[in-house]
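Since the structure comes first, as structure tokens, the remarks are kept for the end.
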Amino acid sequence: MKKIYIVHVGLSGFPFGSAAINNSIFRYKSLVEEGANVLLINNRAVHKKDIPTEIKKEGSFEGLKYIYTSLSPYKSDKFIVRRLSNFKGKLNEVLLLIKLKFTKRIDVLMFYPTGSFYDLLKYRFISKIFKIQLIVQYVEYRTSFKSRKKIFMRISDYLFDKYIGNLADGVLPISQFLVDNLKKNNCSASILKIPPLVDFDEFNVEKNDKENYFLYCGSAGYLNAISFVIDSFGMINNSDYSLYLVINGNSKQMEKVKKMIAISDKKEYIKLHSKLSYKALVKFYINASAMLIPLSNSLQDEARFPYKISEYCATGNPIITTNFGEVKYYFEDMKSALIANNYHEIEFANKMKFVMDNPEKAKEIGQKAKKVGYNYFHYLNYGKKLIDLIKNIKKAV
């Protein structure tokens, strides 16, 4: 069988970074397991110079080759240097794609969008010129972002959500909402729904039950969710349990989080952690009494699928969430998760109380969540499906 060459474009930051980076890594690792060759192109410098791990311009990570076409993987403090680096990154990316085409080392462009509708048009144009496939990872409903108020951004987001299914050969939506949106807009591309993926073997860590705590992990940008969790925890009269918040964000966002904690009646039981290594984070996961992930009845939460849900499943600990978004497609209340029917602090607090009052039953629910997660979120379950998608697109063309 001819080796399939897949080239990642769009999202930069490999091999370390956000949940988006981690999710992409596991999608690509699943392809490597099936014999594909994957190259990750980073056309932007995104890393801070003070990160503990050195990142080279070109290297390999867990079987995945990556390259930075920008001046450096590290973001400069100087505006002019940043602009020059971004320009060079985009130019060198195109030159590298041309080289790969002429050396027959590119069959598929795998695009992870981070910018404007223009980027989608650019990579569609390149894929057409090169006569290769364009597969787009569809992980958010961009039209739902209320924070993007500039008219150009709003138009770009609308066009992206409306035409993504007609400007790609394949689309990988992360949620049923996004699948339905593609179909509503007469999608002509092949569709394969893929949730966030993790390696369940990474969570085979010995558990230590010395402390009882609920764990919430997320970005400081989700201030409403953080406030919801703190308020829910404040309704519980039990001094044997703590609330651990693992939050990362900029200084202004972190200050807001600290103020939320400071005004809580249970502030002495709330512990804030930030900038943990992944190894340390996994230990926090493994030793938690329950994992918290509230989702609201909003377009943004309906369309997305938090990467943390997949990680939480891998721990075997109970998950406390709400009945919105993708939760209803994978979990059952009191069987594989503790699900509040509404986005309401009292209902959420009652699920937390259940864990306190019924620790053994909660553990059973957590183990069932692990089985659900292994079936749907373990990365090795998707390599063949992705290869089949690529082959079917090739036949159709």
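Read-outs throughout are calculated quantities, based only on the coordinates presented, and are distinct from any laboratory measurement. From a predicted model like this one, the values you see are computed outputs, not experimental measurements. Heads up, the Cβs are rebuilt from the backbone with ideal geometry, glycines too, and the neighbour counts pull from every protein chain shown.
Whole angstrom only: what separates the Cα centroid of region 163-216 from the Cα centroid of region 1-57? Result: 17 Å between the Cα centres.
Would you please give the FRET efficiency between Ser251 and Asn86, computed as 1/(1 + (r/R0)^6) with r the Cβ-Cβ distance and R0 = 22 Å, to the nearest 0.05? Before the final figure, lay out each step's value.
Working: r = 24 Å, r/R0 = 1.10.
Between Ser251 and Asn86 the formula returns 0.35.
Projected label points at Lys2 and Leu223, each 7 Å from Cα along the beta carbon direction, are separated by 5.4 nanometres. Among the listed options (1) 29.2, 98; (2) 27.1, 111; (3) 21.7, 67, the one matching Rg and Dmax of the Cα atoms in Å as calculated from these coordinates is (3). The DSSP beta bridges internal to the chain are antiparallel in roughly 10% of cases.
Computed per residue of the chain from DSSP H runs no shorter than four, each worth -39500 (n - 2.57), the mean residue ellipticity at 222 nm is -13500 deg cm²/dmol.
Asn381 to Lys394: extension gain in nm, 0.36 nm per residue of separation minus the Cα-Cα distance?
Details: separation 13, 0.36 × 13 = 4.68 nm, distance 2.19 nm.
The span from Asn381 to Lys394 would gain 2.5 nm if fully extended.
Shown is the FRET efficiency for Lys75 and Asn342, computed with R0 = 45 Å from the Cβ-Cβ distance and rounded to the nearest 0.05: 0.60. Can you bin region 200-377 into rounded, prolate or oblate? Criterion: square roots of the alpha carbon gyration tensor eigenvalues sorted a ≥ b ≥ c, rounded for a/c under 1.5, prolate for a/b above b/c, oblate for the rest. Rounded.
Between Asn358 and Lys99, the C-beta separation translates, for a Förster distance of 51 Å, into a calculated FRET efficiency of about 0.25.
Averaging the sequence gap over all C-alpha pairs within less than 8 Å and six or more residues apart, then dividing by the number of residues, gives region 200-377 a relative contact order of 23 percent. Summary value for the chain: 15 percent relative contact order, contacts being C-alpha pairs under 8 angstrom separated by 6+ residues.
Nearest 5 percent is fine: what portion of the DSSP beta bridges confined to region 1-144 is antiparallel?
Values: 4 of 22 bridges.
Among the beta bridges of region 1-144, antiparallel pairing accounts for roughly 20 percent.
Considering the chain as a Gaussian network with a 10 Å cut-off on Cα pairs, which listed residue, Lys122, Lys90, Lys266, attains the greatest mean-square fluctuation? Result: Lys122 has the largest fluctuation of those listed.
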